[in-house]
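The values are calculated or read from the model by the stated rules, or taken from the named source; none is laboratory data. Predicted, not measured: the structure shown is a model, and the values here were computed from it. Glycine gets a Cβ as well: all are built from the backbone with ideal geometry, and neighbour counts include every protein chain shown. For the accessible areas, the whole protein counts, side chains as well, though only heavy atoms, and no ligand, DNA or RNA atoms are used. Shrake-Rupley method; radii C 1.70, N 1.55, O 1.52, S 1.80 Å.
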Amino acid sequence: MSIFSEVLSELIQQKEIKVFSMVKHCHLDRSTMYKIINGKRNPPAPDVYKKMTDFMRLTPTENQRLTEAWKITRMGAETYYKRKSVENLICHFPSALPTPPLNYYINSQNNPEETGEKNCISLSSRQHMNYFLHRMLLTEAGRKDGNISLFMQTDYDFLFSLLSSLKPSGTLKVQHILCMSSKTQFTSENELYNLQCLKKIFPLYMTELKYTVWYFYDEIQSHFYNFNLFPYMILTTDAAILCSSDYQEGIFFQDKDIVDMLRKIYLSCREKCSPLFEALQIRPENCVDIFSSLFRFSYQDETMIGIQPEPCLTPFIAGEILDEIFNHDIENGSFILSQGQKAFGCSLQKISKNQFLLYFTLSGLIHFARTGRLEEFPEVFYRPLTPRQRIVVLQDVLTCCQDGTYRILEESLSYLPHNLHLCICGGEGSILFRDNSGHVVFLLIKESGLLDTFRDYMEHMEDSSFYKPEEAVLLVRNAIEKLENELS
């Protein structure tokens, strides 16, 4: 029996379902229904499955359990949980904080000789570990040019929560080396391990930290958990901690020679690793250097597929509208405008060649119709589109919804966080969002496994995840009509 037939049989028995009546309701013959129930036939098609669940009058919990079993049996457990992991990551992507992070730092930098503290201290509990780690990081955050180096996985919640709440008094660099799995590996909660790592580190990109992460491949369990003494290392300017993978035991060092030796080892390891992302922050003063990276996907003769809150509007604002809304007073304005015109025009060509597929939300559509803002770019580059300009752009969006190039998400994805813009094009991908300071951050994904996982998810989204083309057209048309009524 399949997992679907097992769950289905259990629910039929528990709820005392009359199979004959369900057969009639679903317009199936009795033999086919019993083969489905006994696992001798593949799970039913979506329309038949919907009739079955309607007839069974399932509770939300029962419906979720049966639907999960139905999907697992249809696509396989590994594929299902991989795609589910991507969806969980997308739906829980961090949003910019409405208030600044807590101002955690210590200005005094204690000398161990002055305090009488030992240069080497054994740590025998997680509480002990947290105490020294807390003091180390807050002291480093109080420096003018702080530097924290991590050689560890992302399962130390105390550490990553503390880092994401820091507001350093100066520049604070956080350099992180972590191990990625080279094969499909899941956690005990059926989360794809590599994506769980991403979920833990994304909040650090939202902060004022200069966070950079490198990766290497290895067997996670054997490298970090099985008979390894102190596989994790945390370094600051003048202190270090070596600790076990369960954070119950470790050694705290303040001896300069030992800390320097550990730093050399760390740098030697980092040379053998690769950057997980290329991180860029879009600001007027550095945009000349980064626009070639930001627009790189538009120039490639590859299919571009993305998911984000609002519809991608840039292909439709090239030409006159872009010239009208662009802030010509910013430095290097002519160069930026020419690059934008070229890139947005290339995106429009992709749409005409069916090399463009975009998923977005109804709330994102409404937000643009109401405000005229392009969330993918800092406000300093442009003025919000006028209602009349919005109507022109939305007419193009409507056409893309008609042919299925643009698709409006529904169900759980309709609540996609407003901060996430994920795009895959050929062998490259990017994640674009706003940090806690309101700056637009562009992460170019460098690890091929992540690209494949994201691409697989977006290329195989189920029809139930988005509105039908005719439904999407009506939603866009409603937004246009509201704008037209405002102008009349």
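Some observations on this one:
- Tail weight of P(r) past 25 Å, computed on alpha-carbon pairs of region 372-488, percent: 37
- With all protein chains in place and a 1.4 Å probe, the accessible surface of the chain carries 49 percent carbon and sulfur.
- Taking N as its residue count, the alpha carbon Rg of region 288-420 over 2.2 N^0.38 Å: 1.02
- A 1.4 Å probe over all protein chains sorts T139, T59 by accessible area into T59, T139, starting with the largest.
- For E462, the accessible area of its heavy atoms, probed at 1.4 Å with every protein chain present, is near 60 square angstrom.
- Spherically averaged projected area of the convex hull of Cα atoms, region 165-251: 6.9 nm².
- Applying a DSSP loop filter and a limit of 15 other Cβ atoms within 10 Å to the GluC sites (Glu not before Pro) in region 288-389 leaves E302, E331.
- Calculated [222 nm] ellipticity per residue, helices only, for the chain: -14000 deg cm²/dmol; basis is -39500 (n - 2.57) per DSSP H run with n ≥ 4, divided by all residues, nearest 500.
- Lysines whose Cα lies under 21 Å from that of K144, excluding same-chain neighbours fewer than 8 positions away: K167, K173, K210, K256
- Taking other residues whose beta carbon is less than 15 angstrom from the beta carbon of R143, and scoring Lys, Arg as +1 and Asp, Glu as -1, yields +1.
- Residue-normalised convex hull volume from the C-alpha trace of region 132-198: 89 Å³ per residue.
- Accessible area per residue in Å² at 1.4 Å probe, computed on region 191-284: 45
- Sparse-neighbour loop sites [trypsin sites (Lys or Arg not before Pro); region 133-170; at most 12 other C-beta within 10 Å; DSSP]: K144
- Residues in region 368-488 average 43 Å² of solvent-accessible surface per residue, probe 1.4 Å, ligands and nucleic acids excluded.
- Pairs of Cα atoms in the chain fall into 20 Å distance bins, from 0 up to the last occupied one, in shares of 20, 45, 30, 6, 0 percent.
- Take every pair of alpha-carbon atoms less than 8 Å apart whose residues are at least six positions apart; their mean separation over the length of region 426-488 yields a relative contact order of 21 percent.
- Once you reduce region 162-188 and region 3-20 to the center of their Cα atoms, the two points are 45 Å from each other.
- Proximal charge balance of R390 [Cβ under 13 Å; K/R count +1, D/E count -1]: -1
- The alpha carbon convex hull volume per residue for region 218-348 rounds to 207 Å³.
- Taking 22 Å as the limit for the C-alpha separation, the pairs K200/K446; K199/K264; K82/K468 exceed it in the case of K199/K264; K82/K468.
- Beta bridges assigned by DSSP with both partners in the chain are antiparallel in approximately 65 percent of cases.
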